[in-house]
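Before any comments, here is the structure.
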Amino acid sequence: MKNILKISAFIVFCFLFPGIKAEDGYRLWLRYDPVTDPAVLAQYTKSIKAWIIEGESSTLRVAGVELQSALNGLLGRSITSVKAVKRNGTIIAGTLAGSPVISSLKLESRMRGLSPEGYIILSTKYRNKKVIIIAANDDAGVLYGIFHFFRLLQMHKPVTELEITSSPLVKLRLLNHWDNLNRSVERGYSGFSLWNWNTLPDSIDQRYTDYARTNASIGINGTVLTNVNANALILTGDYLVKVAALANVFRPYCIKVYLTARFSAPVEIGKLKTADPLDPEVIAWWKKKADEIYSLIPDFGGFLVKANSEGQPGPQNYNRTHADGANMLADAVAPHGGIVMWRAFVYDNNVPDDRAKQAYNEFVPLDGQFRKNVLIQVKNGPVDFQPREPFHPLFGAMPATALMPEFQITQEYLGSSVHLVFLAPLFEECLKADTYAKGKGSLVAKVIDGTLENHTLTAMAGVSNAGSVRNWTGHSFAQANWYAFGRLAWDPYLDSGQIAGEWIRMTFTCDDEAVQRISKIMLNSREITVNYMTPIGLHHIMYAGHHYGPGPWVNRGRQDWTSVYYHRADSIGIGFDRTSSGSNAVSQYYPPVRDIYNNIQTCPENLLLWFHHVPWDYKLKSGRILWNEICYRYDEGVKSVRLMQNEWGKTSNFIDKERFEQVKELLVRQERDARIWRDGCILYFQTFSKRPLPAGVDKPEHDLQYYMTHKYTDVPGIR
Ligand code: GCW
C-alpha cells in the first residue's frame, strides 16, 4: 500500500512538473535536456535545421558527436548533419583552412585577432541562406566555439543575431589532481581517484571521456594526473603506458596530460646514488626519461614539481637552488616542447618567524634565473588556501619569470564537500587584486595573463575536486567551483555573478526567479563561510589533520602548523602582527599596498587580524569593539546559513527532487557544523578576552571541552 502511494505521488509530481526529471548529477552542466520554454523552443526550431562540420580530425569528429547529441537533446528532435548548405538554419563549423564554406566567407579580418583556440560565432548568410558560423583558426577553437554555442542554448539565449568573438587569455588552463596511485585522493572529498590504475590501459571507463568533454566545455586544456606529493612509480614504464591510454582518450578533446615528478626519482626508480640536479648522470637520466615519455605520449605537457616542501625531496637536499632543479627538468623536456611548473609553496625544516614570508624570500632572489619553459606555480595567498587571504606577494615581484596561480577547487579549508561555498568570488578577489607592481592597475590577472610583463607562456591551475562519486564532486554546488575555475582560466576578468548565472541556468533551471535566488545563495556563500570560520582576517585555526572543523586550540607539533602560531590570542588582543614592527611581511608588497596593510586604520577590516595584533577593545567601523565584532560575525555566519536554507527551500518547484533533497540535507549539516565553528571559536577566544558574549549572539550549547574533543563521523575525507 505504502509503495502504491509513493508511486502515485511520483506520477502526480511528474504531471505537475513535466520538465523535472530524475537527476543524479552525473551530466554536470552538460545536460542537454529539451528546452521547455515554448517560445524559446520555437525560436530554436526555426533557427536551427541542420549542421555541417567541415574538415577531418579526431577533434572535429568528437565535436560532431557532441553537436549531434546536444542539438537532439535540447531541441527534442533529430537535427541532421548535412553535406552542403541547402536551407536556412544550417550551422557550419570548421577552421578557416579546413572549411571551404568558411574560407569563402571572407572572415580573415575578423579572425585575425583570434589567438590560438579562439573562435567566432556569427549569424550570416551563405548563398542566400541564413547560417550560423562557428569558425576558428584551429580545431580546438572549433570545439570551444561549439561548446559556447551550447551554453547559449542551455541558457535560453537568442541565437539569431550572433556576433561573438572569444579567445582564451591564458594559454595553459590546468586541473591538478592530488591523486595517489592507490586511488586515494589527498584532500579529496568525492570518492576515489578517477584514474583506475589497476584496470588501465586495457579498460577505458566512459568517465574518462566524460571528464574530457566536461573540461573541454569550459576550455580546460591540461590535466596533471598525479599528486604533488609524488610517487616516482608513475614514471616507470608500467605506469607510463597507462598514462598514454588516458592521453589517447583526452587528445581529441585538446587536453594534454602532465605528471608530477618526484625529485628523487633517479634514486628511487633509476638506481642512481644521487638526484643532484647538476650531476651529469642525473641530467642524463631525466633526459632519457623525458624521451621515453614522449615516445609514448608525443604531446605530453610536462612536469609539475613540489620540491623541498613538507618533506618532499628537492634540489636543496644537494645544496642547489630551486632554479637549478627546475632548469634541469626543463632542459629534459624542452626538445619536445614540454614545460615545468615548479611550485612556490615551500618551506624548509626550520620554523620561520613568519611562514607567510617564505615563498617570497626563497623565490624573489631567483627571478631571471629560470629557463623559458619554466613557470613558477604560486598559491593564491601566502599561507595556504584559507577562506580569506591577501593575494600572494610573489605576484608582480618576479617580473622576469612566468608565474601561474594555483587555486584550490577542492574545499580543503572550506567545508569539504559538505558546505555550499561558491569559490568564484574567492578566485575573483585574488585575480582583481591590484599589486601596484607597475603602478595602479597592475592586477594579479595581468601578471597571470602575461600582459603586465610581456610573458607569452601563461597558465592557471586549479586543484580538482572531481572524484569517483556519481555526481563527480559530492555536493551538487561543488560542481560550480570546477565550472568557475575553467571559466576564469579562460578569462580571468570574468565576474562571479555572470559565472554563477551561466552555471545555474545550465545545471538547474532557467526560471529567472529561481536563478536569482540561487545566485544570491551562491554569491553570498563564501563570505558567510568566512564569517563562521575565520572572520576579520583570522586564518589557519582549523582542526589539525582533517581541516574541516575548528581547532584554534591546536598548539602541538611543528609550530607553524599550529593554530596558536597564527592567531596569537593573548590577554591584550588577537592577530598576527605582520606590520613593520612585527614580522614585516607587509614589506613584501609594493607601496601603497604595504602602507595600507601596515596601518591599522587603513588595513581592510576583512584582513585586519592577518596583519595586526589588535586589542580586544579596539573599535571597528561597525562601532563595535573587536571582541564583540568577532562574536557577532561568527553568529551572523551561522544565521546566514539558515537564510540560505530558507532560500533554497523556495526553489523546490524548479529543481529535481534528487538534487533538491541532497542540497537541503547538506545545508542542515552545514548549519550544524557552522555552529560548531562559532561556538568552539568563541568559547576558546573568550578564555583570552575574558569578556561576556554580546547581546543578540546565541549562547553555545556545550562547554569548550566538548568542542575540543568533538569527532566528526559523517564528513567525507575524515577517517
Ligand atoms: O594545504 C596543504 C595540504 C596538503 C598539500 C599541500 C600542498 C598536497 O594540507 O595536503 O599537499 O598543501 O599544497 O602541497
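What is the range 247-364's relative contact order, in percent, from Cα pairs under 8 angstrom and six or more apart in sequence?
RCO, the range 247-364: 25 percent.
Lysines within cross-link reach of residue 690: Cα-Cα under 29 Å, excluding same-chain residues under 8 positions apart?
Excluding near neighbours in sequence, the set is 619, 621, 639, 699, 711.
Write down the percent of antiparallel bridges among all DSSP beta bridges whose residues are both part of the chain, to the nearest 5.
The antiparallel proportion sits near 30 percent.
Where a ≥ b ≥ c are the square roots of the eigenvalues of the C-alpha gyration tensor, would you call the chain rounded, which needs a/c under 1.5, or, failing that, prolate if a/b is larger than b/c, or oblate?
oblate
Can you grab the distance from the C-alpha centre of the range 205-232 to the C-alpha centre of the range 378-422, Å, no decimals?
For the range 205-232 versus the range 378-422, the Cα centre distance is 20 Å.
Quick check for me: using +1 on Lys/Arg Cβ and -1 on Asp/Glu Cβ, what's the dipole size of the range 613-715 about its Cα centre, in debye to the nearest 20?
Roughly 340 debye, rounded to the nearest 20.
Once amide H atoms are placed 1.01 Å from N in the peptide plane, what residues at a sequence separation of 5 or more from residue 402, or on another chain, have their amide H within under 5 Å of its amide H?
Answer set, sorted by chain and number: 376.
Taking the mean number of other Cβ atoms within 10 Å as a proxy for protection, how do you rank 541-552, 356-367 from highest to lowest?
Listed from highest to lowest mean packing, they are 541-552, 356-367.
Given H placed on each backbone N at 1.01 Å, which residues far from residue 573 in sequence or on other chains put an amide H within less than 5 Å of it?
616
Report the gain in length on full extension from residue 703 to residue 80: 0.36 nm times residue separation, minus Cα-Cα distance, nm rounded to one decimal.
Difference between extended and current length: 217.5 nm.
Stretch residue 203-residue 294 to full length: gain in nm at 0.36 nm per residue minus the Cα-Cα span?
Result: 30.5 nm gained on full extension.
Quick check on the range 449-549: take the gyration tensor over C-alpha atoms, sort the square-rooted eigenvalues as a ≥ b ≥ c, and tell me if it's rounded (a/c under 1.5), prolate or oblate.
Rounded is the answer for the range 449-549, as its axis ratio a/c remains below 1.5.
Once Lys and Arg get +1 and Asp and Glu get -1 on their Cβ, which of 484, 450, 472 lies farthest toward the positive end of the dipole of the range 410-553?
Result: 472.
Under a point spin-label approximation (7 Å from Cα along Cα-to-Cβ), what is the residue 711-residue 229 distance to one decimal in nm?
2.2
Which whole-number percent gives the relative contact order of the range 561-623, counting Cα pairs below 8 Å spaced six or more residues apart?
That works out to 36 percent.
For the range 662-719, just say rounded, prolate or oblate: build the C-alpha gyration tensor, square-root its eigenvalues into a ≥ b ≥ c, call rounded for a/c under 1.5, and beyond that prolate if a/b exceeds b/c, oblate if not.
oblate
When the Karplus curve 6.51 cos²θ - 1.76 cosθ + 1.60 is applied with θ = phi - 60°, which whole-Hz ³J(HN,Hα) does each residue of the range 163-177 get, with x for Gly and Pro?
Using θ = phi - 60°, the values come out as 8, 10, 10, 8, 9, x, 8, 10, 6, 10, 10, 10, 8, 10, 9 Hz.
Cα convex hull of the range 327-371: mean projected area in nm², to one decimal?
Computing the convex hull of the Cα atoms and averaging its projections yields 3.8 nm².
What is the Cα centroid distance between the range 557-573 and the range 58-118, reported in whole angstrom?
59
So what J values fall out for the range 206-215 if you push phi through Karplus, 6.51 cos²θ - 1.76 cosθ + 1.60 with θ = phi - 60°, rounded to Hz, Gly and Pro as x?
Calculated HN-Hα couplings, in order: 4, 4, 4, 5, 5, 4, 5, 4, 4, 5 Hz.
Reachable lysines from residue 306, Cα under 17 Å, same-chain residues fewer than 8 places away excluded?
Hits, sequence-local ones excluded: 379.
Could you name the lysines in cross-link range of residue 46, using Cα to Cα under 24 Å and dropping any fewer than eight places away on the same chain?
Qualifying lysines at Cα under 24 Å: 83, 86, 125, 129, 130, 157.
In whole Hz, what ³J(HN,Hα) sequence does the range 310-326 give by Karplus (6.51, -1.76, 1.60; θ = phi - 60°), x for Gly and Pro?
Taking θ as phi minus 60°, the curve returns 6, x, 6, x, x, x, 5, 4, 10, 6, 10, 9, 4, 5, 4, x, 5 Hz for the range 310-326.
Only Cα pairs under 8 Å and at least 6 apart count here; give the relative contact order of the chain as a rounded whole percent.
In percent, rounded to a whole number, it is 11.
Using the alpha-carbon centroid of each, what span in Å lies between the range 245-311 and the range 20-49?
Value for the Cα centre distance between the two parts: 44 Å.
Quick check on packing: order 251-263, 280-292 by the mean number of other C-beta atoms within 10 Å, highest mean leading.
251-263, 280-292
Readers should treat all values here as calculations from the given coordinates under stated rules, not as data from a laboratory. The model shown is predicted, which means the values in this text are computed figures rather than measured ones. In this analysis, Cβ positions are derived from the backbone assuming ideal geometry, glycine residues included, and neighbour counts consider all displayed protein chains.
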